[in-house]
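The values are calculated or read from the model by the stated rules, or taken from the named source; none is laboratory data. These numbers were taken from a predicted model, which means no experiment stands behind them. A quick note on method: Cβ atoms are made from the backbone with ideal geometry, for glycine too, and the neighbour counts reach across all protein chains shown.
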Amino acid sequence: MLRVLIVEDERPISELIRMSLTGAGYQCACVYDGLAAADILEQETFDLILLDVMLPGIDGYEVCRTLRAKGYAAGVIMLTARTQEADKVTGLMTGADDYVTKPFSVVELVARVDALFRRVSGNPFARSEEHTSELQ
Ligand code: CA
């Protein structure tokens, strides 16, 4: 099962995302600040990280930059309340694969998660059963 780490300090949003992704068949873990994100990423492997930008401790950009510097290959989708083009570019330059601007619909978020996994399906963390069915 694909594992998703949700890094979001607003618990109602975090819980909504967790329920939606769990319902879509993903296994989810939640942390609520940047330092906890850095800690769990040292210990566990995830296939995708949903990373809020504005976090207590260290912000989402820094979390993303750090994990990419360490060679962590998981997909990263930034969650941002900011709408300025410069912030989106900053997010992508730190190594994020996509971003979603708040407020977002969970339906859109789940669709983007699914799309990211499809896009990276050549990577080791892709769903192997999909490869099999494509080859047949
Ligand atoms: Ca936040």
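Considering region 58-136, the qualifying helices (runs of 4 or more DSSP H), each wholly inside and each with 3 or more residues that are modelled with pLDDT of 85 or more, run over 60-69, 106-119. The set of residues from region 30-57 being closer than 24 Å to residue 92 by Cβ and assigned to a loop (DSSP other than H, G, I, E, B) comprises 33, 45, 46, 47, 53, 54, 55, 56, 57. Any residue at all in region 43-54 that is closer than 16 Å to residue 112 by Cα, away from the ligand (no atom under 15 Å from the Cβ) and of a type in the set (D, E, K, R)? Scanning region 43-54, I find at least one residue that is closer than 16 Å to residue 112 by Cα, away from the ligand (no atom under 15 Å from the Cβ) and of a type in the set (D, E, K, R), so the answer is yes. All of (1) within 13 Å of the ligand (Cβ to nearest atom); (2) within 24 Å of residue 117 (Cβ to Cβ); (3) touching a residue at least 24 places away in the same chain (Cβ under 8 Å) hold for residue 16 with one exception: (1).
Among the residues of region 19-29, is any within 13 Å of the chain's Cα centre (by Cα), small (Gly, Ala, Ser) and either at pLDDT 95 or above or not in a helix (DSSP H, G or I) (or both)? Walk me through how you get there before you give the answer.
Pass one, region 19-29, residues within 13 Å of the chain's Cα centre (by Cα): 21, 26-29.
Filter once more, so that each one left must be small (Gly, Ala, Ser): 29.
The next check asks that each one be either at pLDDT 95 or above or not in a helix (DSSP H, G or I) (or both); those that pass are 29.
Scanning region 19-29, I find at least one residue that is within 13 Å of the chain's Cα centre (by Cα), small (Gly, Ala, Ser) and either at pLDDT 95 or above or not in a helix (DSSP H, G or I) (or both), so the answer is yes.
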